[in-house]
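To start, the structure under review is shown below, and the notes come after it.
The values are calculated or read from the model by the stated rules, or taken from the named source; none is laboratory data. Every value quoted in this text rests on a predicted model; they were computed, and no experiment measured them. Positions of Cβ are backbone-derived with ideal geometry, glycine not excepted, and every protein chain shown enters the neighbour counts.
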Amino acid sequence: MLGYGNPGRRDDGLGPAAAEAIEAMSLGGVRTSANYQLMIEDAYDAAQSDLVIFIDAAKSGAGPYSVSPVRPATNVSAFASHVVAPELVLGLSGRVYGHVPRASLIGIRGYAFGFDEGLSARAQANLSRALAHIRHVVIGPRETIEQAAGGALR
Amino acid sequence: MIEARKIVVDPVSRVEGHGKVTIRLNADGSVGETRFLVVEFRGFERFIRGRPYWEVAMIVQRLCGICPVSHHLCAAKAMDKIAGVDRLTVAADKVRRIMHYGQVLQSNAVHFFHLASPDLLFGFEGPVEKRNFVGTIENYPEVAKWAIFVRKFGQSVIKAVGGKKIHPSLAVPGGVNKNLSIAERDALRIDADRVVAWCGDALELCKRLIREDAARLEAFGTFESSYVSLVRADGAMDLYDGGLRAIGSDGATIFDGVTPETYDDVIGDEVRPWSFMKFPYIRSLGKEQGWFRVGPLAQVNCCDFIDTPLAEEARLDFKRPGGGKPIHATLYQHWARVICMLHAAEKVKELLYDDDLQGEDLVISGERRPEGAAWIEAPRGVLYHRYRVDGDDLVTNAKLAVATTNNNEAINRSVNKVAIDYLTGHEITDVLLNNIEVAVRAYDPCLSCATHALGDMPLLVTLEAPDGAIVATRARG
């Protein structure tokens, strides 16, 4: 579980908040990372995993969250040290380590992105819904996130 | 007659942040003055005024996403003094040290593998689209594995004691807020040997690449200089603490064993109106002659020995050509940086087998003082913090002298040397642009966090007449 975003920009911290909450659940076989952004090193962890769930804040779209599959980038040259996309993490995982895990991106809808700490009330509610979904995916049958999410939650 | 003009390289890519290089040509076409300009301004010294002193170690690390630990620990060391603490508990000292070595490890790995090694692997004149870390991934996958794993390990060390890879929370005035648990220690021990081995492999790679083109690389942007670094009382390299030592270009000691409290007695700051960055100098040598270099080259040149076996062997090999005198080759900073990276890896491993890190006596206090000063060897060189605090525990004054500032004059001189050596005719060639960037990058300047690409980077070159009129422009990327 790779949750990323800036907790100093309010709801942009949804990704790290989700990762930290999942870590507190102590789910077996699950490793989490909370960071400001994805990093090239995340490719190493991805390569060690069967399933990678990227968790980011969404600035638009319907709440409470969206789930979408992530495919590996075929062109790994399109990254910068301050911008690494989920697709590139997977692409590097395949290119450097020879393994591309299944992967999904959960975008939790946020509403406030100003300079401050703390999630807005609506974002906090969306986070709770997303966490319930993630927990179901992880401890339930080993189905894909997309299947588990179901249309109503998208 | 040829008109005087300026060449502007803006921005310089693959450095931390954005810089700008201006080369002023004389009327006869020869290279005149060169200026390395930082185009950002942070202002931390001003806006931490009024904050409680115990907050500062957390605030100032926001200066940077690459070396936050250096600022965090340097500020904490200064705040130790304000808290009346001159010596931490053994556990607190070693927990801070392992975090610092984790930081040196990951930061030097970023610079060598991600930013610098593409120049060595593909050549300075190699195509820009290939001469980057992506090119390394594509063409040297084993090196890419080292790069990713060494940095990841260093960040794991930081996270283990500080809770987060970036902007961690560990040091408090007088100590630390946690130790390294046995579980955390054991998890890190699993990979420690592999990291030391891969740092050793990186050293061999670096040496091979440099020796293949030694004559050219030794002369590239090179000049003799003085060096300043922290050194332990017995002369060992100490990247966390020690007295300040300065040596001249011949290796003779200029000063030694200086304490942070007397920094201003030995180092002065010159302000030049065209730059946000100051120009530090050794007072006893004066403004003209007193400029110096800090960073890995200084760290390796100034110490008498390194107290870890592989890095010491590497240091002896590095200094052998100079017969013990300082090595001045600007690009050999990459070699020195890898030695420091190897030393940090060895130190982390050593500390992972030290039971003191599980100690529980973590914080002590003393009699409050109004002022505190401290320094640390950041990956890029000596970092100095000094604070004054009032009776309400609020910061009233702060001074932060960062490593890149200490290298300000040296970066300018390296750019000037490259311009003299590689400017031919009046064309702004790819070779000239590439070489200017390579020279600046050798210092791993941290100009503050700003987006910069690992791949192709926009590069704008402008020729200006003396009156500022644009003679020609050329863009890349």
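Checking the structure you have, find out if any residue of segment A:101-120 is assigned to a strand (DSSP E or B), more than 19 Å from A:Leu38 (Cα to Cα) and more than 14 Å from every other protein chain (Cβ to nearest Cβ).
For segment A:101-120, residues assigned to a strand (DSSP E or B), more than 19 Å from A:Leu38 (Cα to Cα) and more than 14 Å from every other protein chain (Cβ to nearest Cβ): present.
Do you know which of the residues in segment B:385-404 that are of a type outside the set (A, V, I, L, M) and buried (at least 24 other Cβ atoms within 10 Å of the Cβ) is farthest from B:Ser30 (Cα to Cα)?
Among those residues, the one meeting the criterion is B:Tyr387.
Quick check: anything in segment B:227-242 touching a Ser or Thr at 6+ places or on another chain (Cβ under 7 Å) and at pLDDT 90 or above?
The answer is no; no qualifying residue exists.
Which one of these is out of contact with any Cys (no Cβ under 6 Å at 6 or more places or on another chain) and in a strand (DSSP E or B): B:Leu205, B:Leu230?
Of the residues listed, the single one that is out of contact with any Cys (no Cβ under 6 Å at 6 or more places or on another chain) and in a strand (DSSP E or B) is B:Leu230.
Please enumerate the residues belonging to segment B:406-428 that are of a type in the set (Ser, Thr, Tyr) and buried (at least 23 other Cβ atoms within 10 Å of the Cβ).
B:Ser414
Name, by its number, the condition in (1) crowded, with 24+ Cβ neighbours inside 10 Å; (2) modelled with pLDDT under 95 that does not hold for B:Lys325.
(1)
In segment B:58-76, how many residues are surrounded by fewer than 24 Cβ atoms within 10 Å (Cβ to Cβ) and over 17 Å from the mean Cα position of the chain (by Cα)?
2
Just to be sure before I move on: is A:Glu87 without any contact (Cβ under 8 Å) to a residue 40 or more places away in the chain, crowded, with 20+ Cβ neighbours inside 10 Å and more than 14 Å from chain B (Cβ to nearest Cβ) in the structure I sent?
In short, yes.
Determine if segment B:246-260 includes at least one residue that is of a type outside the set (Asp, Glu), assigned by TED's automatic domain parsing to the domain that holds B:Val348 and assigned to a helix (DSSP H, G or I).
Taking every residue of segment B:246-260 in turn, at least one turns out to be of a type outside the set (Asp, Glu), assigned by TED's automatic domain parsing to the domain that holds B:Val348 and assigned to a helix (DSSP H, G or I).
What are the residues in segment B:73-93 that are in a helix (DSSP H, G or I) and among the aliphatic types (A, V, I, L, M), if any?
Correct list: B:Leu73, B:Ala75, B:Ala76, B:Ala78, B:Met79, B:Ile82, B:Val90, B:Ala91, B:Ala92.
Given A:Ser60, A:Ser33, A:Ser49, which one is surrounded by fewer than 24 Cβ atoms within 10 Å (Cβ to Cβ), at the interface with chain B (Cβ under 10 Å from one of its Cβ atoms) and on the phi < 0 side of the Ramachandran plot?
Step by step, each of A:Ser60, A:Ser33, A:Ser49 is checked, and only A:Ser33 is surrounded by fewer than 24 Cβ atoms within 10 Å (Cβ to Cβ), at the interface with chain B (Cβ under 10 Å from one of its Cβ atoms) and on the phi < 0 side of the Ramachandran plot.
Counting just the residues of segment B:137-149 that are within 10 Å of chain A (Cβ to nearest Cβ) and touching a Lys or Arg at 6+ places or on another chain (Cβ under 9 Å), which one comes out nearest to A:Pro16 (Cα to Cα)?
Out of the qualifying residues, it is B:Phe149.
List the helices (runs of 4 or more DSSP H) inside segment B:112-200, counting only whole elements, that have at least 3 residues being among the charged types (D, E, K, R).
B:141-162
Take the residues in segment B:115-130 that are touching a residue at least 24 places away in the same chain (Cβ under 8 Å) and of a type in the set (D, E, K, R); name whichever of them is nearest to the other protein chains (Cβ to nearest Cβ).
Per the criteria, the residue is B:Glu129.
Which residue pairs have Cβ atoms under 8 Å apart, sit 6 or more places apart or on different chains, and have a first residue in segment B:407-422 that is in a helix (DSSP H, G or I) and a second that is acidic (Asp, Glu)?
Pairs that qualify, where the first residue is in a helix (DSSP H, G or I) and the partner is acidic (Asp, Glu), are B:Asn416/B:Glu33.
Do the conditions hold for B:Gly163, that is, is it within 13 Å of chain A (Cβ to nearest Cβ), in contact (Cβ under 8 Å) with a residue 40 or more places away in the chain and not charged (D, E, K, R)?
For B:Gly163, the condition - within 13 Å of chain A (Cβ to nearest Cβ), in contact (Cβ under 8 Å) with a residue 40 or more places away in the chain and not charged (D, E, K, R) - is not met.
May I ask you to verify whether B:Phe276 is over 17 Å from the mean Cα position of the chain (by Cα) and at pLDDT below 95?
yes
Determine which member of the set B:Ile59, B:Ile98, B:Ile66 is at pLDDT 85 or above, within 26 Å of B:Leu170 (Cβ to Cβ) and either within 14 Å of chain A (Cβ to nearest Cβ) or assigned to a loop (DSSP other than H, G, I, E, B) (or both).
Being at pLDDT 85 or above, within 26 Å of B:Leu170 (Cβ to Cβ) and either within 14 Å of chain A (Cβ to nearest Cβ) or assigned to a loop (DSSP other than H, G, I, E, B) (or both) holds for just one of B:Ile59, B:Ile98, B:Ile66, which is B:Ile59.
For residues that are of a type in the set (Asp, Glu) and closer than 15 Å to B:Lys164 by Cα, tally how many sit in segment A:1-40.
Total satisfying the criteria: 2.
Only one of B:Tyr101, B:Tyr140 is surrounded by 23 or more Cβ atoms within 10 Å (Cβ to Cβ) and either touching a Ser or Thr at 6+ places or on another chain (Cβ under 6 Å) or not β-branched (Val, Ile, Thr) (or both). Can you tell me which?
B:Tyr101
Looking at segment A:17-30 only, could you name the residues that are away from chain B (no Cβ under 14 Å) and hydrophobic (A, V, I, L, M, F, W, C)?
Residues satisfying the conditions are A:Ala18, A:Ala21, A:Ile22, A:Met25, A:Leu27, A:Val30.
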